[in-house]
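The values are calculated or read from the model by the stated rules, or taken from the named source; none is laboratory data. All figures in this text were calculated on a predicted structure; none of them were measured in a lab. Every residue, glycine among them, receives a Cβ derived from its backbone with ideal geometry; neighbour counts consider all protein chains shown. Note: accessible area is taken over every heavy atom of the protein model, side chains too, but ligands, DNA and RNA are not part of it. Shrake-Rupley method; radii C 1.70, N 1.55, O 1.52, S 1.80 Å.
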Amino acid sequence: MQSMSLLSLRLGRGLLLGLLLVPLLPLGGSPALARDEAAWRPVELPQSLQRDVTSRHTGRTYRIFVAKPAGAAPAAGFPVLYALDGNTAFPTLSVVARRMAERAAVTGVPPTLVVAIGYPGSADEAVTARADDYTPPLPPGRPKSERGGERQGGADRFLAFIEEELKPLIAAEFPVDPARQGLFGHSYGGLFALHVLFTRPQAFHTYVAASPSVWYGDRYLRLEREQLAAGARRQAQVLITVGAREDDPPSDNPDSPRARLLASRPMVTDAREMGLWLAGGARLAGPVRYEVLAGENHGSVILPSLTRALAFLGDPEAMAP
């Protein structure tokens, strides 16, 4: 009994000493992991650069992100993929482009220069800016979106910025192949990509529209596309992607105004109809692909679409069904 009492006393003193020492240790449990803000560094992406450019055409300042391929450029220059919503797209796109180029013999994706067009400032400012930059000018009577502010329909000014300001800047700084340049856009960005295809098809060699907002302006793209059908045969190639779950009603309230709005804008149906039209009546010499991505919704579909955009620009035949 005496030994038991002594053991209890020792345990009690040890527990008390432990409790007294706990506040003296860092929360991480080890002095080596004590809080040291000076030890943290900003994340840097390899072979990546950024700069801000103010456009004389739009009056806006854009944040331009560039990911350079490793190694020397081929004689014709690097293929280029221009991506909209650059703040979101660039981190993924820069890493994927590098990794796919490292295994070009398997992936079919050569070293590709990535140019992503984003915005400085807050996310709210970017939402307002892209609602203007990515939407086509509408004739009287066509409804604008209820979101994004009053200023919409600036797509032609934004395209002028890309064609007359950004592309010359990129060509002056990097060895690029002018015959292999692609445009990627998601949602409103996909709307912009199709608007450019229908009105200035010679601007790019490859167009990738992920979940394009075909509904905009009472489906004004269906009127615009007749310009492409009436023109000369073009060398452009087109990929349209859409998430299989984009038309699912909101699970929390399927009868809400939001649900009714989504029902009036069937993304999968509109994307499929556009893909079929492009394959049959667009007078395009290049391939046209339409892909429904299983399990993806409107927000998540951008990530797998970025990988497909690089693959389609590099080797579209490898993506043939």
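Okay, here's what the table says:
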read-out	value
Antiparallel %, DSSP beta bridges [both residues in the chain], to 5	30
Residue-averaged [θ]222 nm for the chain, counting only DSSP H segments that reach four residues, each worth -39500 (n - 2.57)	-12000 deg cm²/dmol
Hydrodynamic radius (Kirkwood) for the chain, which is based on Cα pairs only, to one decimal in Å	22.1
Point-to-point label distance, residue 142-residue 255, nm (Cα→Cβ direction, 7 Å offset)	3.6
Residue-count net charge about residue 234 - beta-carbon cut-off 12 Å; Lys, Arg +1, Asp, Glu -1	+3
Length released on extending from residue 37 to residue 52, taking residue separation times 0.36 nm less the Cα-Cα span	2.6 nm
Isotropic mean projected area of the C-alpha convex hull, region 199-321 (nm²)	7.9
Globularity index of region 69-172, i.e. its alpha-carbon radius of gyration over 2.2 N^0.38 Å	1.33
Built amide H within the under 5 Å cut-off of residue 62, gap 5+	53, 54, 55
Karplus-derived 3J(HN,Hα), 6.51/-1.76/1.60, for each residue of region 96-105, Hz, glycine and proline x	5, 4, 5, 5, 5, 5, 5, 10, 4, 5
Karplus (6.51, -1.76, 1.60) ³J(HN,Hα), θ = phi - 60°, over region 45-51, in Hz, Gly and Pro reported as x	8, x, 6, 10, 9, 8, 7
Amide H contacts of residue 135 (H built 1.01 Å from N, under 5 Å, at least 5 apart or other chain)	153, 154, 155
Cut-off under 5 Å, modelled amide H: who pairs with residue 78 long-range	176, 177
Length-normalised contact order for region 107-159 - Cα pairs under 8 Å, 6+ apart - percent	35
Apportionment of accessible area to carbon and sulfur, the chain, percent (1.4 Å)	56
